1. Could you give the dipole magnitude of the chain about its Cα centre, charging the beta-carbon of Lys and Arg +1 and that of Asp and Glu -1, in debye to the nearest 20?
2. So for the chain, taking the charge dipole from beta-carbon charges (+1 Lys/Arg, -1 Asp/Glu), which of Gln311, Ile325, Leu260 sits furthest toward the positive end?
3. Checking the table Lys41/Lys242; Lys41/Lys200; Lys28/Lys76 against a 18 Å threshold on Cα-Cα, which pairs fail?
4. Separation between the Thr355 and Gln14 pseudo-spin-labels, each 7 Å from Cα along Cα→Cβ, expressed in nm?
5. List Trp327, Trp156 from most exposed to least, where exposure is judged by having the fewest other Cβ atoms within 10 Å.
6. Averaging over every viewing direction, what projected area does the convex hull of the Cα atoms of segment 5-166 cover, in nm²?
7. Starting from the coordinates of the alpha-carbon atoms of segment 185-289, obtain the Kirkwood hydrodynamic radius over all distinct pairs and give the value in Å to one decimal.
8. Give the calculated FRET efficiency between Val160 and Glu310 to the nearest 0.05, with a Förster radius of 45 Å applied to their Cβ-Cβ distance.
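Quick note: the coordinates plus some simple rules give every number you see, no bench work behind them. Keep in mind the model is a prediction, meaning the values are calculated, not measured. When we count neighbours, we look across all protein chains shown, and the Cβ atoms used for this are built from the backbone with ideal geometry, even at glycine.
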Amino acid sequence: MALPQTDRQDRNRQQVEQLTYVLRNRHKPTVVLITYDTPQKRGEIHQQLRESLAGSQFNPLNLESVSVTSLVEAFKQNLSAYFLRNADPSCIVNVFGLENSLIELKNGQLQQSQLIPSMNFERELFFREMPFTTIIWTDRYFLQQLGQSAPDLWGWITYVFEFSTPEEELDQEPLPYRERFLKKGKIRERQHRIDELEAKLQQIPVDDQSERNLRDRISLLRLLGQEYQEQFAFDEAVQRLKIALGLTEKLDDSYGQANLHFLLGDCFLVRRQFRDAEQHYVHSRSIFMEMNDASNIGRCYHQLGRVYQEQRKWNEALAHYRQAIDWNQKTGNEFELGSTYHHIGRVYEEQAHLTKAMDQYRIAEKYARQFDQEYELSVIRESILRVRQKQADKVD
């Protein structure tokens, strides 16, 4: 049962006072766990601590976009040797983002990472060899996993503080994010959308494993992955999408798994991590084949063609692009054909087969005109002009 707003505010205020007292009067290093439900609440509590402990040295350690398997190693890699030798308990290291490292992709399979087992094994190092105070800012799910999977470490932890936002201050209805921003990059509107989505995600109780809650979390994580991808924040995108993929397995949601594998493939392709991109596209294609979803099978073949094209594996690229055309023609999905023919033209142009390249560009131009794809049409026409110039130079 949710606490009334006034009770929740009083509880938050009391916990801030207790937390401040603990940190001010500690003479030995310790580990403190703080959970929060929205980024705004984390920022609010963090600011109150800084104001109350003005004499303490605060050191942020943001691990949101890093894959962590050992917190001790993360300290050694990100904190200076001088600090590790000379810090004292009044020095506070604020660790953010560990929850993003709970799941990892290994040999094409999502699995629990070694982070929590390693934290359990390294527990004495936190309390006896690290000279500073550690505050781990995280969510309730991470807290639960720590209690269940790291019992030895959990037995050593004395200070756990949970902060929550009064429900009256949070939007109750899901935000309708169907339209995409035309402009990519870190624009103000997209950052605002990301902040809202993150806040919505934090509202969903992680201990509620009902189908509705799982689907809500998956939807928000997928949207976040797409927004981070268009912001070019690919580490954040991959982490959100991997978590969503793990949740779809609990629901036995084949279509959701295929879609998320496809989105992860897109992220890795842009980062030129071709092996990972190929792996995810192949997973996606296999699931769509089991579902006999011909249109999406065509999309997977097209993206695999791009993976091979970027590696200058021309024969593999052409084979996959032709498969994409075959599958899209089976379903009458001609909207996608212009892009595929354009890529085939680029493969031929890269090999200096200019006549073949021009033939493919002309076919691509026809489809782009047919479906009023203005941007694609402009790109294709630039390719046509470029090949014409190369042909003229070759004659001269």
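1. 1240
2. Final value for the positive-end residue is Gln311.
3. Values: Lys41/Lys242 25 Å; Lys41/Lys200 13 Å; Lys28/Lys76 20 Å.
Cα-Cα > 18 Å for Lys41/Lys242; Lys28/Lys76; rest within.
4. Spacing of the two 7 Å Cα→Cβ label points: 8.6 nm.
5. Listing Trp327, Trp156 from fewest to most nearby Cβ atoms yields Trp156, Trp327.
6. On the way: hull surface 39.5 nm².
Over every viewing direction, the Cα hull of segment 5-166 projects on average to 9.9 nm².
7. Details: mean 1/r = 0.0714 Å⁻¹.
Radius from the Kirkwood sum: 14.0 Å.
8. Details: r = 48 Å, r/R0 = 1.06.
Once rounded, the FRET efficiency stands at 0.40.
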